[in-house]
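Where a number appears in this text, it was derived from the coordinates with a stated rule and is not lab data. Here the structure is a predicted model, which means the values were calculated and not measured. All Cβ positions, even for glycine, are placed from backbone atoms using ideal geometry, and neighbour counts span all protein chains on display.
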Amino acid sequence: MNAGGPAVEGNIPNAAGSVNGICVAAAVFIDCHSPNRYICSHITRGGMKIYTKTGDAGDTSLFGGQRVPKDALRIEAYGTVDELNSVLGLALVEDPDKETRSALLEIQSQLFTLGADLATPRSAARKAIRRIEARDSAWLEREIDRVDAGLKPLHSFVLPGGSPLAARLHCARTVCRRAERIVVRLSRNEDVGEAMTMYLNRLSDLLFVLARHANQAAGVAEIRWKP
């Protein structure tokens, strides 16, 4: 088990990136007031157990109990979403402005929702989780419009980089694109809903304009691509 992502080894769902508080960690997946064996199986009075040893043979549990290999495409998908979330954590270290910080923190929370969505097949008997929806993409679009309104018009491609914050946001953008490609592959064989690929597509666009905003705020000139 790894408390940083939505994998559920040992029939216990990970969630909020913290082992402080059982209900906080489990709330992404299920109502904490409902008895549930997935939550209770490896929780002690001291909190959530960090290791369970149930994944030592190279498999893990989806939420719902199905055991799958750790290199399964669904695991790769939400593992990449977890990677993206961690890269955003690195961006937050670069002391972004108040609006950017608020947006990134909201995105991190949404990515946990997306990871939980991916960790719960739609065929699972228990579906009491929050799924990514079109309204989440609509929020991203509003953020894109807000940030883009303050940027200079873009007339050519720009090279990734610039200020440390912009460089980290560009890196996050490429990880987001990779997550999107994996989810598209997964969607060819499994139902992941229509909103998930839309969300990742919009998110990469938002990360791009946030990177441009970071360079503009830092007074760092963008380097145009010269074919």
- Reachable lysines from K98, criterion Cα separation under 26 angstrom, eight or more residues apart if same chain: K152
- How many nm separate the modelled label positions at D71 and H155, each set 7 Å beyond the Cα in the direction of the Cβ? 5.0
- For segment 73-218, what log10 I(q)/I(0) values come out of the Debye formula at q = 0.11 1/Å, with one point per alpha carbon and no solvent? -0.40
- Message: I need the peptides 190-200, 128-138, 151-161 ranked by packing, meaning the mean over residues of other C-beta atoms within 10 angstrom, with the highest value on top.
- Response: 190-200, 128-138, 151-161
- Task: For segment 173-227, just the Cα set please: Rg and Dmax, both in angstrom.
- Result: 15.0, 46
- Message: Please report the spacing between the Cα centers of segment 208-227 and segment 59-90 in Å, no decimals.
- Response: 32
